[in-house]
Each structure stands twice: as structure tokens, then as C-alpha cells.
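Worksheet: one structure, shown below.
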Amino acid sequence: MITKGLQIQKMARFLMDPDGSLTFHLHNLYPPIRLDWLPVASKAIRLANEGRWDEAIQYPNGLERTVGFTIKGLSLETFLDN
């Protein structure tokens, strides 16, 4: 049996990892976003931080949308550097 303290430490390590916090975020949206969108979200954050808001990103469902649309649609604003 894992104690609460160990569970909290495990969750803290998970949330401190960039992919872990992004996974947690996508899972907690309503409706939850499938994890095959994790690379899309990561790429959108990277490109937005580089100022490439109008660049197209290919979605897992075959659609293409801009970085700006993706950031707003997945509520990723808190993951941006600025």
C-alpha cells in the first residue's frame, strides 16, 4: 500500500515534467483530449513561443489548423513563455 505522502510526491514529479503537466492539462479539459494530441499540443507551444502563430499544424484527425487556433482551442496559453 502506498502512503499519501508517496502519492503526492509521485504526482508532483509528474506535474513538474513538461509532458506530464501537459498530459494532465489535456486530460482535464472538457471533454478530455486524447493523448495522441500531446505531440500537437507540444508543437503548438514550441511554435507559439517562437512567434510562429500562423504556421499550420497537422492534427491526428487529418485536419490542419494554425498554431494560434490550436493554442486557443486546447487552452494552452498558460504553457507559453510570454
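Some notes on this structure:
- For the stretch 65-82, 3J(HN,Hα) per residue [Karplus equation, 6.51 cos²θ - 1.76 cosθ + 1.60, θ = phi - 60°, Hz, x = Gly/Pro]: 9, 6, 4, x, 4, 5, 4, 5, x, 9, 6, 9, 3, 5, 8, 7, 5, 10
- Estimated vicinal HN-Hα couplings, Hz - the stretch 39-44 in sequence order (Karplus 6.51, -1.76, 1.60; Gly, Pro = x): x, 5, 5, 4, 5, 4
- Mean Cβ neighbour count within 10 Å, used as a protection proxy, ranking 60-73, 27-40 highest first: 60-73, 27-40
- Summed side-chain charge close to residue 65 - residues other than residue 65 whose Cβ falls under 12 Å, Lys, Arg +1, Asp, Glu -1: -1
- Residue 66 long-range amide H proximity, modeled H, under 5 Å: 57
Coordinate-derived values only; no laboratory data. Only a predicted model underlies this, so the values are computations on that prediction, with no experimental measurement involved. Note that each Cβ is placed from the backbone with ideal geometry, even for glycine, and that neighbours are counted across all protein chains shown.
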